[in-house]
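A short write-up of the structure that comes next.
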Amino acid sequence: MKKIFTALLALFFIIGLASYNPAYAETKIRALLNGKEIIFDQAPVIENGTTLVPVRAILEALGLELQYDAKTKAILAKNSEIEIAMQINNKNAYIDRVQVQMEVPAKIINSRTMVPIRFLAEAMELEVSWDGKSKIIYINEKREVLSETQDSTENPSNPVTEAQIKTNKELESWLVGLGAIYNFRYGYYLNTFELDDATRKGFAADTRDFLLEDWGIESKKDLMELIDWFESEGENLLFKELGAVFSAMPAEELQEFYETFDPEESEFFKYFLELYNKNGEKGILAWDYCQAGLLIVYGYEAGYLTKAEVYECSKALSLKVKSSFKNWDEVCQNYLEGYCFWIGDLPNAENLEYQSRLQAYNLIKNKTDIFDNSLFK
C-alpha cells in the first residue's frame, strides 16, 4: 500500500508541477580527487565537451606549482616529476617539453584563467571519468585490475602481483558490502566470490530466472542498462525532483497540502521534506548504489558478466560511494532513508521492515568483517 501511495504522490506532483513552477537550479559541476572535492572559487564551465576550471585551485589540488607570465600569457605547472606548459588560447601544450595538442585551450573567462581539467589530470597519469547526470568529474590514481584470464601459473613472464590481488579483493569487498546491506535482511548473505567456478555456475540458471522475474532482466544489455540507471539517475532522481517541488511551495500552501491527508500520511510528507533538506545533493544515493552493487554480483553469478567486467563495474561504483560517504554506517543510514521514501513510511518502531533491515545490518557488522571502513580511506 505504501509503495503504491508513493507512486500516486509522484503522479500527483507530475500533473501539478506547472502550477507551482519552481525554478530548478542547474546542477553545478564538481570535481573529486581521490574522493575529496576540489573547491573552486569560480564555477567550472564546459566548452565543446571539455571542462575548464580555475587554474590555481586545480594545480594546487594536483600538487603542481603555478608560474604565470602575464605578458606572454604562458602557464607553467610543475613539480619534481613533471612539467606542463600551456598558453592562453593556444591548443599546443608541452608535457616535459614534448608537444601535444589539446582539444580546447586554456582561456580567460570572467577575468579568470581557466584550464582543461582532463588534460592536466591525464598528463599526470590519473584516471578521469565523467558522470553526466550528476555533473561530477572523478579523478583518481590508476589501479591495476586483474582480468579473469590472467593467471601467474599460465603466464610466468607476467605474474600476478600482490598489489593486483589486493586491489581485486577490495573491489569484491565493495560489492559484498553493498549487496549485504540490501540483501542480508533475509537472514544470510552468500559471498559469490568465495565459491568455486563449478558451484557458482550451478546457480546460473536460477539466478537468471530470478533476475527475469524480479528485475525484468533477460540479457546482459538489460542488466547493464539497469545498473547504469541506478548509478546515474535511479530513484534518487524522483526523490530530488519531488523535494524541489515541496521546498518551492509557500508555507501556507504546504500546510494546506498536509491537511488534505490523514495524520500518518501528513507526517510522512513532513519527514520527507526534512530528509530532502538534510541530505541535499546526496539525496538517497545509497539506496540506488546498493541495488547497483547487488545487480553486479547477480550478473556475475548469472554468467552475464566476466570477473574482469565485475571488477570494472565495481571500480566505477566504489569511486562514487567513496565520494559521497565516509563509512558503512553512513551508507546504511542513507540506504534506509531511501527505503522509507520508496515505501512511503516513517523510520519508527512500527515500521517492522525498516527495523528488520537495521537489525540485520548491525548483526552482520558485529559478527563479520564485511563492512570494512578502511575501504573508504
* **Selection status of L52, part of a helix (DSSP H, G or I) and open to solvent by less than 50 Å² (accessible area, probe 1.4 Å)** => no
* Long-range neighbours under 9 Å by Cβ, at least six apart or interchain, first residue closer than 23 Å to D329 by Cβ and modelled with pLDDT under 75 within region 177-197, second open to solvent by 40 Å² or more (accessible area, probe 1.4 Å) and assigned to a helix (DSSP H, G or I) -> F184/L363; R185/E353; R185/S356; R185/Q359
* Within region 263-317, track down each residue that is among the polar types (S, T, N, Q) and touching a residue at least 12 places away in the same chain (Cβ under 8 Å). => N277, N279, Q291, T306, S314
* Asked: Within region 72-100, which residues are in a loop (DSSP other than H, G, I, E, B) and among the aliphatic types (A, V, I, L, M)?
  -> I82, I88
* Considering G299, G338, which residue is open to solvent by less than 20 Å² (accessible area, probe 1.4 Å) and either within 29 Å of S247 (Cβ to Cβ) or modelled with pLDDT under 90 (or both)? -> G338
* To do: Tell me, please, whether a residue that is touching a helix residue (DSSP H, G or I) at 6+ places or on another chain (Cβ under 6 Å), touching a residue at least 24 places away in the same chain (Cβ under 8 Å), open to solvent by 40 Å² or more (accessible area, probe 1.4 Å) and under 28 Å from E312 (Cβ atoms) can be found in region 201-224.
  => yes
* Structure fact -> For helices (runs of 4 or more DSSP H) lying entirely in region 292-377, having 2 or more residues that are over 23 Å from the mean Cα position of the chain (by Cα) picks out 352-367
* Please enumerate the residues belonging to region 231-262 that are polar (S, T, N, Q) and out of contact with any strand residue (DSSP E or B) (no Cβ under 9 Å at 6 or more places or on another chain). => N236, S247, Q255, T260
* **Selection from region 306-320 of residues that are under 19 Å from D372 (Cα atoms), open to solvent by 10 Å² or more (accessible area, probe 1.4 Å) and not hydrophobic (A, V, I, L, M, F, W, C)** => Y311, K315, K320
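The values are calculated or read from the model by the stated rules, or taken from the named source; none is laboratory data. Computed from a predicted structure; not experimentally measured. Every residue, glycine as well, gets a Cβ built from its backbone with ideal geometry; the counts of neighbours run over all protein chains shown. To get the accessible areas, we keep the full protein, side chains included, count just its heavy atoms, and leave off ligands, DNA and RNA. Shrake-Rupley method; radii C 1.70, N 1.55, O 1.52, S 1.80 Å.
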